[in-house]
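Here the structure comes first, spelled out in structure tokens, and everything after it is commentary.
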Amino acid sequence: MSMDMRLKRDDLYALSTIGKNSVYSYFVTNQVVGWLTAVTTLGLQVGILAVFVMASEANLQDDTIDIQFTWKCPRDSDVCEDKGDLTKTGWAIFSVLMTAYLAKDVISGSKLIYHSSKSRHPLRSRIRYFIGGLGLCSITLFAFYISTVYNKAIATSNTEIIVNSVIVLFVMEMDEWIFSALEASNKKWTEHAADSESSSDSAAEKGAGIDEMQEEIAVQKEHIADQQVELEMLRSQQEELMLRLDQVARQNDEIKMLREAVQKMETESPASESIRQSPANESVTTHIAESEDTSSDIDAGEDGTMNEAEEEDEHQKDETVLQ
């Protein structure tokens with residue numbers, strides 16, 4: 001995302017945070033007249049709330065104060081009594097009412113102040129965000145303080161504390177009334193809010209389109225991954241098939257060699273048998289056998305002659321010994 005788009009989104013975020021239907025939205029714009037309107041509205045709210053502060057002061061010399069004294073001390077008694085009907089239940093209702101109504105503005109103002117601390121924003125934008133957030137938080141906390149002080153000074157019952165709180169909260173709506181009056185007078189004076197709404201709608205549409213595209217891309221990636229897995233399986237099967245084909249080819253070669261060897265042996269075997277069965281071969285074989293027999297007889301005769309000579313020598317030795 002480019003820096004311009006990011007800054008545009010930050011402006012829309014600031015505008016939605018401070019409130020699109022409030023004159024305080026001019027704080028995040030460059031409109032001078034809008035700034036004057038927002039500052040004037042803020043001053044009016046502070047001035048009206050200040051009236052409640054002055055009316056709740058315990059100044060006994062001022063007859064215009066609204067403070068109520070609930071403690072009564074009869075002249076004929078030393079004991080003073082509190083005639084007020086305000087209880088802890090009334091203060092609990094007051095706390096819940098004020099917190100529920102003012103918490104949103106305090107949170108939005110705080111977020112806008114934090115938003116102004118980001119360094120990617122230009123200095124003027126950071127100043128606008130800071131002033132807008134500070135003004136929103138200040139007027140909200142001031143209204144809570146005024147309502148507490150005023151009710152503590154004049155509220156004498158649970159119903160009075162609720163009524164007084166609603167009056168103070170009614171004053172806090174002045175910024176939206178003035179904005180509605182400006183919009184009714186001339187919509188060009190509030191076109192920044194309309195532009196932000198259209199921009200936010202278009203941004204939402206673009207965001208939805210981007211989300212759909214991202215989902216589609218994710219689906220396509222999963223499909224591609226599945227196809228890659230199938231391709232790897234096919235490659236492994238192809239490699240296994242090639243190995244088997246090589247084995248079959250080697251076996252065929254071996255079978256062929258064996259066949260050639262068998263044929264060669266078959267062609268050689270008739271010649272050898274014919275040689276063995278020829279008359280010349282038989283005579284040669286007979287002659288060799290006779291020669292072997294003759295040589296064996298000669299060897300046997302020589303062995304007999306040698307044995308006779310040895311016996312005669314031994315006999316002569318025995319006679320010599322006897323003499």
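Observations
- Top-ranked residue of segment 119-159 - restricted to ones that are at pLDDT below 90 and of a type in the set (Phe, Trp, Tyr), ranked as most open to solvent (accessible area, probe 1.4 Å): PHE130
- Test: SER77 is part of a helix (DSSP H, G or I) and either open to solvent by 20 Å² or more (accessible area, probe 1.4 Å) or in contact (Cβ under 8 Å) with a residue 60 or more places away in the chain (or both): no
- Complete set of residues in segment 132-163 that are small (Gly, Ala, Ser) and either under 21 Å from LEU36 (Cα atoms) or part of a helix (DSSP H, G or I) (or both): GLY132, GLY133, GLY135, SER138, ALA143, SER147, ALA153
- Of everything in segment 92-104 that is open to solvent by 40 Å² or more (accessible area, probe 1.4 Å) and touching a residue at least 60 places away in the same chain (Cβ under 8 Å), the residue that is farthest from GLU160 (Cα to Cα) is TYR101.
- Here ILE162 does not qualify as over 20 Å from TRP91 (Cβ atoms) and either buried (at least 17 other Cβ atoms within 10 Å of the Cβ) or modelled with pLDDT under 90 (or both).
- Any chance ILE210 is β-branched (Val, Ile, Thr), in a helix (DSSP H, G or I) and modelled with pLDDT under 90: yes
- Residues within segment 24-67 that are modelled with pLDDT under 70 and touching an Asp or Glu at 6+ places or on another chain (Cβ under 9 Å), tallied: 2
- Among the candidates SER202, SER236, SER196, SER272, residue that is among the hydroxyl-bearing types (Ser, Thr, Tyr), farther than 30 Å from TYR24 by Cβ and modelled with pLDDT under 75: SER272
- Remark: ASP10 falls outside the filter, which requires a residue to be at pLDDT below 90 and assigned to a loop (DSSP other than H, G, I, E, B).
The values are calculated or read from the model by the stated rules, or taken from the named source; none is laboratory data. In this text the structure is predicted, and so the values were computed from the model without any measurement. Here Cβ is always computed from backbone atoms with ideal geometry, including for glycine, and neighbour counts include all displayed protein chains. Ligands, DNA and RNA are stripped out before the accessible areas are found, and what is left, the full protein with its side chains, is counted by its heavy atoms. Shrake-Rupley method; radii C 1.70, N 1.55, O 1.52, S 1.80 Å.
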